[in-house]
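Q: Let me begin by handing over the structure; questions about it come next.
Every number in this text was worked out from the coordinates using simple rules, so none of it is lab data. Bear in mind the structure is a predicted one, so any value in this text is a computation, not a measurement. Methodologically, a virtual Cβ is constructed for each residue, glycine included, from the backbone with ideal geometry; neighbour enumeration extends over all protein chains shown.
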Amino acid sequence: MLNNKFKLILPSLFGLLFVAAMMFALTSQEEQVTPSALVGKPIPAFTASSLSATERVGNNERIDNNELVGNNELLGNSALLDNSIFQTDKNYTLLNVWASWCAVCQSEHGFLMKLAGKDGMRIVGLNYRDDRADANHVLSALGNPYVATIFDPDGKIALDMGVVATPETYLLDNQGIVLFRYSGALDETVWQHYFKPFMQLLTNK
């Protein structure tokens with residue numbers, strides 16, 4: 001008797017599971033634009049060394065032993081960075097949280113190179129819980145899309161930001177105010193679906 005009842009409800013159970021799976025598939029991409037308490041606020045105040053003593057800033061400037069950027073100071077062989085790195089004459093900056101041990105981060109790296117090169121997007125990196133040598137090796141091997149990279153070996157800056165996992169990308173305005181956060185790898189589809197329309201909407205206001 002019990003088996004007969006189970007057989008009767010089995011098709012309905014499978015139907016419910018199918019509907020739930022379809023709803024998850026349709027909404028999972030939308031959930032990549034994750035809520036953040038930082039939206040409308042600046043990145044929490046920090047002071048940290050850059051990943052490398054020599055990094056590209058904008059199209060022409062460099063952080064190295066002879067030049068300073070904004071209010072940034074030099075600390076030994078590495079530049080000391082703070083929130084002023086997000087203040088720029090560009091309309092927007094991307095803050096990309098990444099690590100050398102993060103395979104998904106490396107999968108988006110080529111697209112970040114395209115954004116920084118061909119599209120001229122200003123990207124700042126936040127290197128999360130990483131080894132300095134390993135992270136620099138990745139940039140040497142794959143190319144460096146970042147105007148500067150904040151070195152966060154203990155994850156404190158990321159923790160203050162509410163970073164959930166790598167990679168994460170924050171869209172900031174030219175004063176360093178967070179506009180939104182995207183969790184997951186960036187690619188052309190994500191860029192065209194989320195970032196491009198959002199920036200166009202703000203630009204047209």
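Q: By how many nm would the segment from Phe46 to Ile177 lengthen if fully extended, with 0.36 nm per residue of separation less the alpha-carbon distance?
A: Working: separation 131, 0.36 × 131 = 47.16 nm, distance 1.45 nm.
The Phe46-Ile177 span can extend by a further 45.7 nm.
Q: Just name one of Cys102, Val138, Ala158: the one whose Cα is farthest towards the positive end of the charge dipole of the stretch 96-163 (beta-carbon charges, Lys/Arg +1, Asp/Glu -1).
A: Val138
Q: Just grab the label-to-label distance for His137 and Asp187, each label 7 Å out from Cα along the Cβ direction, in nm (one decimal).
A: In this crude label model, His137 to Asp187 measures out at 2.7 nm.
Q: How large is ³J(HN,Hα), in whole Hz, for each residue of the stretch 144-157 in order, when computed from phi with the Karplus curve 6.51 cos²θ - 1.76 cosθ + 1.60 and θ = phi - 60°, using x for Gly and Pro?
A: 10, x, 9, 6, 7, 10, 7, 8, 10, x, 9, x, 5, 5
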